[in-house]
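Engineer: Right, I'll just put the structure down here and ask away after.
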Amino acid sequence: MENRGNVWVFAEQEGGKLADVSLELVSKACDLASRLGTKVEAVLLGNHVESCAETLFRYGCSNVFLAEDERLEPFTVLPYAKVIMDLILEHKPNILLFGATMKGRELAPRIASQKRAGLTADCTDLQIDDFEDKVNKKSYKDKLMQIRPAFGGNIIATIVNSWDDPQMVTVREGVMKMGAPDDSRKGTVTRVKVALTEKETVLKVMERVRQESTVNLKSAQVIVAGGYGVGSKENFKLIRDLADTLGGEMAASRAAVDAGWISHDYQVGQTGVTVRPKLYIACGISGSVQHRAGMSESKKIIAVNTDPSAPIFSVAHYGIIGDLNSVIPMMIKAFKAKA
Amino acid sequence: MYKVIVFVKQVPDTKNVTGDAMKPDGTVNRAALPAIFNPEDLNAVELALQLKDRYEDVKVVAATMGPPNAAKVLRDALCMGADEAVLLTDRAFAGSDTLATSYALHCVAKKIGDFDLVLCGRQAIDGDTAQVGPQIAEKLGIPQISYVQEVRELSKEKIVAKRAIEGGYEVLSSPLPALLTVVDANTPRPRNAKRVMKYKKAMGRSEFASTLPADADKASAVAEFEKKYAEKGLLITEYTAAEAGADPARCGLAGSPTKVKQIMSVVLTAGDFKNVEPTEAGVSQLIHELITDHTLG
């Protein structure tokens, strides 16, 4: 029952541009595949998207299953699920990785349900290890360890898919490190015959409006983030002022986003963006595990909070126990004086 | 007539985790966490009730899976305006992962039958997976529209809904029946005071049975209770796994492909830590340090 199939990545694209998370997953898939002695393959769907295959090769894919059809552009869930399901049945991959994007999070469960395979959402780490199922007295070799925070982030669970393959997971953008591209890497393109029926094309897109987000937290070197302690929408101006002064970006915790003070584009954490800047300044953020999962790998962390027992201090390098309303202006003044 | 099933879930309030939330052995102390109505499921109920307000002859059935006391969220849904409530409860469902959960819920949807729409919140705050909605849709063999913000149009032929996509929105049309997952784009109405007076008494047979003395003739007491409460419109319909037609092999732990290998309590890693005074001098010294080591500037 051991599956020696390859490691697959769902290569998500929008308008012919690959999602960063897909390339991050290709890099991670390379680690997993070398451990298993198998290859990395990508599943690329859309229309006129063949040029993406070259990029996937450079990051380590040795083969790209390419399905091009006008019914695959723009993305809708039913035809994508059908094409990928057909590929799974034909090629029996061992592992299938999805970005935990809005597309990935509606597509992966649809496929997992049909295949009756396990699916673990929002993994923060993936490893290969053996698994002893003591309850059912079965042992498995070289399974995918699917590591994720659970129960509001208060525990970290290692989950194993003991059933049917593929072992499926979703991973948030920014969690896995993107490797360096290598132009000398080449691969093959396997064209897929798209077999869709009326049943999969019942969803009609009548209108589609989108624009690239202008918020780019992932590449920011300095991030100033505000949480519930900021207190109001108006007061986020303080956070923005400090970010602007330091030449950085503004960000927020989920509590501040949920309060409606700032848009979700700015959210750092398990259900937002994962960041690793040189400096992360957390203002009025208590530091739930979900938030820390998105920023704890920052090089330097400053926490400003009135509550000395706030968990954010446990990951901070510098802690300022005080009111952000007085501390932030001090920071702005001090930086302007020195810089 | 349109029949709308809304799946709701009672969840531990993971946003308000206190010191007692973890037991000394590192496992979660569920009893220490208050149980609440999953927030985005309230948005799903609201969307269903808006359809009831806008279109004639819409019937809203709130349904959940859980222990007998999960009937609490069904009472809340009735108080908001739902017409009927269904509770799927059975020990056979314990330990269900998302696949087994969606299997069980699809069984109850079929048991309820003749539905035009199935609504779910996008995700539950105890797992944040957002998987159960799409998986129910697949098992029912119906289309799904995820991340719905509003319904633009509903007719016997189709539903037109606006939904969120990355960086924007999309308007999709789908034939019925369809499943929608709903995001927090509306404001759930409060429980209606008049309805609260009536439906606070709504109850399922398990809750009723637990109030009976040990030596009571449970079967006949329950039968009488069900008849009386159904007449008054206060009965929360209950199904066991068998009554919902669920295959035991696909329920609970047996029906769950994902196994938990290991659970670790989160241990906070304290590195080198410097306490900075909240004064001009303290802050100025900190900024100086950060500029000197090229973190800033």
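Engineer: Working only within the stretch A:188-229, note down all residues that are over 22 Å from B:Leu290 (Cβ atoms), away from every other protein chain (no Cβ under 14 Å) and hydrophobic (A, V, I, L, M, F, W, C).
Structural biologist: A:Val189, A:Val192, A:Val194, A:Ala195
Engineer: Out of A:Arg35, A:Arg105, A:Arg58, I need the residue that is assigned to a helix (DSSP H, G or I), of a type in the set (Lys, Arg) and crowded, with 23+ Cβ neighbours inside 10 Å. Which one?
Structural biologist: Numbers: A:Arg35 fails: crowded, with 23+ Cβ neighbours inside 10 Å; A:Arg58 fails: crowded, with 23+ Cβ neighbours inside 10 Å.
Only one candidate passes the filter, namely A:Arg105.
Residue by residue, here is whether (1) farther than 22 Å from B:Ala100 by Cβ; (2) at the interface with chain B (Cβ under 9 Å from one of its Cβ atoms); (3) over 16 Å from the mean Cα position of the chain (by Cα) holds:
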| site | (1), (2), (3) |
| --- | --- |
| A:Phe131 | no, yes, yes |
| A:Lys137 | no, no, yes |
| A:Lys141 | yes, no, yes |
| A:Ile155 | no, yes, yes |
| A:Thr158 | no, yes, yes |
| A:Pro166 | no, no, yes |
| A:Val169 | no, no, no |
| A:Glu173 | yes, no, no |
| A:Gly179 | yes, no, no |
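Engineer: Can you tell me which residue within the stretch A:292-307, out of those that are modelled with pLDDT of 90 or more and outside any loop (DSSP other than H, G, I, E, B), is farthest from A:Leu279 (Cα to Cα)?
Structural biologist: Taking the candidates together, the pick is A:Asn305.
Engineer: Continuing with this model, one more query. Residues of the stretch A:317-339 being surrounded by 16 or more Cβ atoms within 10 Å (Cβ to Cβ) and at the interface with chain B (Cβ under 7 Å from one of its Cβ atoms), which ones?
Structural biologist: Once the filter is applied, which keeps residues that are surrounded by 16 or more Cβ atoms within 10 Å (Cβ to Cβ) and at the interface with chain B (Cβ under 7 Å from one of its Cβ atoms), the stretch A:317-339 yields A:His317, A:Tyr318, A:Gly319, A:Ile320, A:Ile321, A:Gly322, A:Val327, A:Met330, A:Met331, A:Ala334, A:Phe335.
Engineer: Out of A:Asn63, A:Asn94, A:Asn47, I need the residue that is surrounded by fewer than 19 Cβ atoms within 10 Å (Cβ to Cβ), at pLDDT 95 or above and either assigned by TED's automatic domain parsing to the domain that holds A:Val169 or touching a Phe, Trp or Tyr at 6+ places or on another chain (Cβ under 8 Å) (or both). Which one?
Structural biologist: Checking each option against the conditions leaves just A:Asn47.
Engineer: Whether any residue in the stretch B:123-130 is under 15 Å from B:Val6 (Cα atoms) and either buried (at least 19 other Cβ atoms within 10 Å of the Cβ) or within 9 Å of chain A (Cβ to nearest Cβ) (or both) is what I want to check. Let's see the steps before the verdict.
Structural biologist: Here is the first cut: in the stretch B:123-130, the ones under 15 Å from B:Val6 (Cα atoms) are B:123-124.
Going one step further and asking which of them are either buried (at least 19 other Cβ atoms within 10 Å of the Cβ) or within 9 Å of chain A (Cβ to nearest Cβ) (or both), we end up with B:123-124.
Checked against the condition, which is being under 15 Å from B:Val6 (Cα atoms) and either buried (at least 19 other Cβ atoms within 10 Å of the Cβ) or within 9 Å of chain A (Cβ to nearest Cβ) (or both), the stretch B:123-130 yields at least one hit.
Engineer: Does B:Asp217 satisfy the condition of being loosely packed, with under 11 Cβ neighbours inside 10 Å, within 14 Å of another protein chain (Cβ to nearest Cβ), of a type in the set (Asp, Glu) and on the phi < 0 side of the Ramachandran plot? Reasoning before the result, please.
Structural biologist: On the way: loosely packed, with under 11 Cβ neighbours inside 10 Å: yes; within 14 Å of another protein chain (Cβ to nearest Cβ): no; of a type in the set (Asp, Glu): yes; on the phi < 0 side of the Ramachandran plot: yes.
No: the conditions fail for B:Asp217.
Residues checked against (1) in contact (Cβ under 8 Å) with a residue 40 or more places away in the chain; (2) more than 23 Å from A:Lys199 (Cβ to Cβ):
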residue: B:Pro143; (1), (2): no, no
residue: B:Tyr147; (1), (2): no, no
residue: B:Glu153; (1), (2): no, no
residue: B:Glu157; (1), (2): no, no
residue: B:Val160; (1), (2): no, no
residue: B:Gly167; (1), (2): no, yes
residue: B:Pro177; (1), (2): yes, no
residue: B:Asp184; (1), (2): yes, yes
residue: B:Asn192; (1), (2): yes, yes
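Engineer: Restricting the search to the stretch A:251-274, which residues are touching a strand residue (DSSP E or B) at 6+ places or on another chain (Cβ under 7 Å) and modelled with pLDDT of 90 or more?
Structural biologist: Across the stretch A:251-274, the qualifying residues are A:Ala251, A:Ala252, A:Ser253, A:Arg254, A:Ala256, A:Val257, A:Ile262, A:Tyr266, A:Gln267, A:Val268.
Engineer: Which members of the stretch B:149-183 meet the condition of being surrounded by 17 or more Cβ atoms within 10 Å (Cβ to Cβ) and among the charged types (D, E, K, R)?
Structural biologist: Within the stretch B:149-183, B:Lys162, B:Arg163, B:Glu170 qualify.
Engineer: Can you tell me which of A:Leu97, A:Leu87 is under 19 Å from the mean Cα position of the chain (by Cα) and more than 11 Å from chain B (Cβ to nearest Cβ)?
Structural biologist: Details: A:Leu87 fails: under 19 Å from the mean Cα position of the chain (by Cα).
On inspection, the qualifying residue turns out to be A:Leu97.
Engineer: Of all the residues that make up the stretch A:225-261, how many are crowded, with 21+ Cβ neighbours inside 10 Å and assigned to a loop (DSSP other than H, G, I, E, B)?
Structural biologist: Going through the stretch A:225-261 one residue at a time, the tally reaches 4.
Engineer: While we're on this one: Taking strands (runs of 3 or more DSSP E) that fall entirely within the stretch B:152-253, which contain at least 3 residues that are farther than 30 Å from B:Ala94 by Cβ? First the steps, then the outcome.
Structural biologist: Working: elements: B:158-165, B:168-175, B:178-182, B:237-239.
Filter on the stretch B:152-253 gives B:158-165, B:168-175.
Engineer: Which numbered condition trips up A:Lys186, out of (1) touching a residue at least 60 places away in the same chain (Cβ under 8 Å); (2) in contact with a strand residue (DSSP E or B) (Cβ under 9 Å, 6 or more places away or on another chain)?
Structural biologist: Exception for A:Lys186: condition (2).
Engineer: Determine the pairs where a residue that is over 17 Å from A:Ser113 (Cα atoms), located within the stretch B:112-131, has a partner that is surrounded by fewer than 24 Cβ atoms within 10 Å (Cβ to Cβ) and hydroxyl-bearing (Ser, Thr, Tyr) with Cβ atoms under 6 Å apart, the partner being 6 or more residues away or on another chain.
Structural biologist: From the stretch B:112-131, the pairs are B:Asp116/B:Tyr2; B:Ile125/B:Thr14; B:Asp126/B:Thr14.
Engineer: Sticking with this one: Restricting to the stretch A:110-129, what's the tally of residues that are facing another protein chain (nearest Cβ under 8 Å), in a strand (DSSP E or B) and surrounded by 23 or more Cβ atoms within 10 Å (Cβ to Cβ)?
Structural biologist: 5
The values are calculated or read from the model by the stated rules, or taken from the named source; none is laboratory data. A quick note: this is a predicted structure, and the numbers were derived from the prediction, not measured. Using ideal geometry, Cβ is built from the backbone for each residue, glycine included, and neighbour counts are taken over all protein chains shown.
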